[in-house]
1. For 307, 212, 112, 232, what ranking results if the residue with the fewest other Cβ atoms within 10 Å of its Cβ goes first?
2. Quick one: order 301, 250 by neighbouring beta-carbon count within 10 Å, fewest to most.
3. If all Cα-Cα distances of the chain are sorted into 10 Å bins from 0 onward, what percent lands in each bin, rounded to whole numbers?
4. Arrange the following residues from fewest to most other Cβ atoms within 10 Å of their Cβ: 249, 50.
5. In whole angstrom, how far apart do the alpha carbon centroids of the range 273-336 and the range 243-271 sit?
6. Taking just the C-alpha trace of the range 246-323, give me its Rg and Dmax in Å.
7. Under the rule of -39500 (n - 2.57) per DSSP H run of 4 or more residues, summed and divided by the residues of the chain, what mean residue ellipticity at 222 nm is obtained, to the nearest 500 deg cm²/dmol?
8. On the principal axes of its Cα set, how long, how wide and how thick is the range 2-135? Give whole Å, largest value first.
C-alpha cells in the first residue's frame, strides 16, 4: 500500500529527507516511523534539553543527534519536511522559522497553547507558504475510523449527543518540569482535549458553537499551576451536545495509560468505543459495540484507514489526493480548544493548596 502511494504521490525533493527539531515527547516516534517506512531519510534530531528522550529516539531509529542547532543541516535545501515535538509553547517559534525557510512542518499536539500563539499560527497558515500538520492520530485509529463510517452511513440515525472520557496515568517521575506549567504545556484542556474537539467536528460534520466547563486541582500542591481534572460541555450546530472529560488520575496499576471511552447516542441507535481496551476481554485492542432499533448489540468489523497520518500530510503537501486532515481542521480544532480553555472555571481542593 505504502509503495503504491509513494509512486503516485512522489515528493518534490528527490533526496526525500526530513529533520526533527524538538524531541520532548515520544509522540514524534509515530511521524518518524511512518516517514522512514515511506523511504524518507532523517538527517538528524536537535533537542537541547530532553537529552534522554533524544538519545532513546536516536537509538531506536538509528538517527544522528545534533548537539548544536545547524540550520544548514536541519533546514537545508535537502530538507522537505520538519517534525517537531518541542515544548508546547515554543512550537510556534519553530513553525515561523520553518515558514521563513519554506519547510513544511508536522507537530505533535498541541500546536499552540494560547490566544497569542493561535493568532500567530493563523497568520502563518494565511500566508500559505508552508503546510502545517499536527498528529491528530485519533482519526487514524481503525476503531474511530470505523465509527466515523457508521455515523456517515446513518447507522445510528441522527446523532444527538456524544460523550468522551480520557483519564490518563500521570507517571510524575518521568514528566519534565514544563509539563506542570499551564503556560508552557497549555494545561489539561489544551494538551488533552485537542483530540476530542477535533473528533467532535470530524465525527459529526458540525461546527462547534460554544463551550462551558471547569478544571480542578486535587493534588501536587508543590505544582501550583498544574490542574488534574477537566470537564467541558460543548454545543455544536443543530443543538447537538457533547460532554468531554479528562484527568490525570488513572491508577499506577492500571493495565493501560488510561481507559478512554467514546459514547454516541443517535435517533436510531447508540455505540460505545472502549479505546484502550477492556481488561476482561483483551488487553490491548479497542472494542466497538453498537446497538440499533434494527439490530441487537454487535461488534462492527473494524476498517483500516486508507493511509497513515504522515502519508495523509504528504498528500496535502503535494496536492495529489483527497486528505483526511486539512489545515483548516487543525486551525478550527485549536481555536475551539483555546476558547474552551479561556472560559473554564477553576476549582481547588484544600489538599491541593500549599500551606
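1. Arranged by neighbour count, lowest to highest, 307, 212, 112, 232 become 212, 307, 232, 112.
2. Fewest-to-most ranking of 301, 250: 301, 250.
3. Result returned by the calculation: 5, 23, 33, 27, 11, 1, 0.
4. With the fewest neighbours first, 249, 50 line up as 249, 50.
5. 15 Å
6. Rg then Dmax for the range 246-323, in Å: 16.9, 46.
7. -10000 deg cm²/dmol
8. If we take the Cα atoms of the range 2-135, the spans are 39, 36, 26 Å.
We did not get these values from a lab; they are worked out from the coordinates using the rules stated. Note that the structure is a prediction, hence the values are computed from the model and not measured. Note: ideal-geometry Cβ built from the backbone for every residue, glycine included; neighbour counts use all protein chains shown.
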